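Taken together, the values in this text are just the output of simple stated rules run on the coordinates, not laboratory data. Remember, predicted model here, so these are calculated numbers, not experimental data. All Cβ positions, glycine included, derive from the backbone under ideal geometry; neighbour counts span all protein chains shown.
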Amino acid sequence: MSFLKEIEPITSAAAADLAAATDLAALEKARIQYLGTNGEFTALLKQLGRLSKEERPEAGKVINRAKADLESALVSRREELELAASLPKEPTDFTLPGRRRSIGKLHPLTQVTEEIVRSFRKIGFAVADGPEVEDDYHCFDALNTPPDHPARDSQDTFFLRSTAVPSNAQQLTCGADRTGNPLLLRTHTSSVQIRVMEKQPPPVRIIVPGRVYRRDNADATHNPTFHQVEGLYVDRNVTVGDLKGTVEFVFKELMGPETKIRFRPHYFSYTEPSFEIDFASSLTRKMGKDWLEIAGCGMVHPQVFEKVGYDPEVWTGWAFGFGIERIAMIRYGINDIRLFYENDLRFLGQF
Ligand code: DAH
């Protein structure tokens, strides 16, 4: 019978062409040629209907087995060719160096801050924190800074706009605190002295690293936001000698063991007496200077103790504040403060 005889040669030709396809396009061409709607094998299938009742079962069995064989040959050849297409064209060289993933680093300001904190921890200071959005009571009044002080001028401080008629407490804190104090971005970390003393009885031994804000135009040495470290020590019989010894210890740790410091009389409204601190080291000499001003400090003013409810007849203390950027700039010889904020990896990668 001629039909059964036709199946064998077409099936083996189809199987040979599928196996011989060397890429997916050739395989698809072979599939269309035999198994497509107008393909040679499909044509055989179509003839099945025309066979007599007696011939049909046997022919159907043979042709369906052949069809299943061809389809599975197609699938497995396609898998082989897909795998081959996804492999690299060139042989892999396992001796090549691996791809390095660069590891992140702490920002230089974070590194310097952590070092400062570490030095103070050695001598028993705890780290305290306070809000960057502050009210003018904690930033100025409680620090004995009078209403006409230049720091309180809108030219120097970012005041937050008061909301007209606040409808709820949440809104109220947008422009003024609950007692009507104007809100502002803190100009120094000294406000945290007040927040801490309001909350805890003496003795106090804290440092406060944090961000501060001033209405400065950015240039090589100024930026509207920068960072400070505040220090506060309150106990009985605290002296300027304790202050000087502490500052000397920390600056030797930060700037090298041959560092010298000196105090110059100055004025701050929240300390009396007040001083500016200069230091001298190989770093200042490298900058062509004998002494460089680095911090402000003094003995806590009795008025400040009164405001927080500490008895100034019993308690004594000192405070200081300095800029973290300034320390980092001197240590690393950085000549432009703006480099810290640009997030240029070529700069940041050097620390
Ligand atoms: N708050 C001062 C400033 O921002 C720094 C300062 C000076 C802090 C004297 C103090 C201090 O605690 O006693 O420039």
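General observations
Yes/no per residue for (1) among the aliphatic types (A, V, I, L, M); (2) outside any strand (DSSP E or B); (3) within 10 Å of the ligand (Cβ to nearest atom):
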{"residue": "S274", "(1), (2), (3)": "no, no, yes"}
{"residue": "F279", "(1), (2), (3)": "no, no, no"}
{"residue": "R285", "(1), (2), (3)": "no, yes, no"}
{"residue": "M299", "(1), (2), (3)": "yes, no, yes"}
{"residue": "V314", "(1), (2), (3)": "yes, yes, no"}
{"residue": "A319", "(1), (2), (3)": "yes, no, yes"}
{"residue": "I327", "(1), (2), (3)": "yes, yes, no"}
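- Search result, residues across region 65-83 that are more than 21 Å from E8 (Cα to Cα) and in contact with a helix residue (DSSP H, G or I) (Cβ under 9 Å, 6 or more places away or on another chain): R78, L81, E82
Table: residues versus (1) under 25 Å from I206 (Cβ atoms); (2) in contact with a Cys (Cβ under 7 Å, 6 or more places away or on another chain); (3) basic (K, R).
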residue: K89; (1), (2), (3): no, no, yes
residue: I116; (1), (2), (3): yes, no, no
residue: P146; (1), (2), (3): no, no, no
residue: H149; (1), (2), (3): yes, no, no
residue: S154; (1), (2), (3): no, no, no
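- Of all residues making up region 287-297, the number that are of a type in the set (K, R) and either surrounded by 19 or more Cβ atoms within 10 Å (Cβ to Cβ) or within 11 Å of the ligand (Cβ to nearest atom) (or both): 0
- Neighbours by Cβ (under 7 Å, 6+ apart or cross-chain): first from region 88-107, surrounded by 10 or more Cβ atoms within 10 Å (Cβ to Cβ); second aliphatic (A, V, I, L, M): K105/L348; H107/L348
- Sole exception among (1) farther than 13 Å from L70 by Cα; (2) loosely packed, with under 13 Cβ neighbours inside 10 Å for L44, by number: (2)
- Taken as a whole, region 184-203 holds at least one residue that is part of a strand (DSSP E or B) and in contact with a Ser or Thr (Cβ under 6 Å, 6 or more places away or on another chain).
- Filter result (farther than 21 Å from V250 by Cβ and within 11 Å of the ligand (Cβ to nearest atom)) within region 214-230: R214
- The residues of region 250-279 that are exposed (fewer than 15 other Cβ atoms within 10 Å of the Cβ) and within 36 Å of the chain's Cα centre (by Cα), listed by number, are G256, P257, E258.
- Region 253-272 - residue that is part of a strand (DSSP E or B) and over 27 Å from F140 (Cα atoms) and, of those, farthest from the ligand (Cβ to nearest atom): K260
- Considering (1) surrounded by 14 or more Cβ atoms within 10 Å (Cβ to Cβ); (2) touching a helix residue (DSSP H, G or I) at 6+ places or on another chain (Cβ under 9 Å), the lone condition that H222 does not fulfil carries the number (1).
- Subset tally (residues that are farther than 15 Å from T11 by Cβ and assigned to a helix (DSSP H, G or I)) for region 29-64: 8
- Within region 1-41, considering residues that are among the β-branched types (V, I, T) and touching a helix residue (DSSP H, G or I) at 6+ places or on another chain (Cβ under 9 Å), the one surrounded by the most Cβ atoms within 10 Å (Cβ to Cβ): T11
- Selection status of K244, free of Cβ contacts under 8 Å to residues at least 24 places away in the same chain, more than 23 Å from P108 (Cβ to Cβ) and in a helix (DSSP H, G or I): yes
- Selection status of E306, away from the ligand (no atom under 11 Å from the Cβ), within 20 Å of D141 (Cα to Cα) and outside any loop (DSSP other than H, G, I, E, B): yes
- Checked against the criterion of being more than 60 Å from the chain's Cα centre (by Cα) and of a type in the set (S, T, Y), the candidates T92, T113, T22, T37 yield just one match: T37.
- Listed by first and then second residue, the pairs linking a residue in region 23-50 that is over 30 Å from L87 (Cβ atoms) to a residue that is loosely packed, with under 14 Cβ neighbours inside 10 Å and of a type in the set (S, T, N, Q), with Cβ atoms under 9 Å apart and 6 or more places separating them unless they lie on different chains, are L45/N64.
- Among the residues of region 330-340, those identified as away from the ligand (no atom under 16 Å from the Cβ) and either assigned to a loop (DSSP other than H, G, I, E, B) or touching a helix residue (DSSP H, G or I) at 6+ places or on another chain (Cβ under 9 Å) (or both) are I330, R331, Y332, G333, I334, N335, D336, L339, F340.
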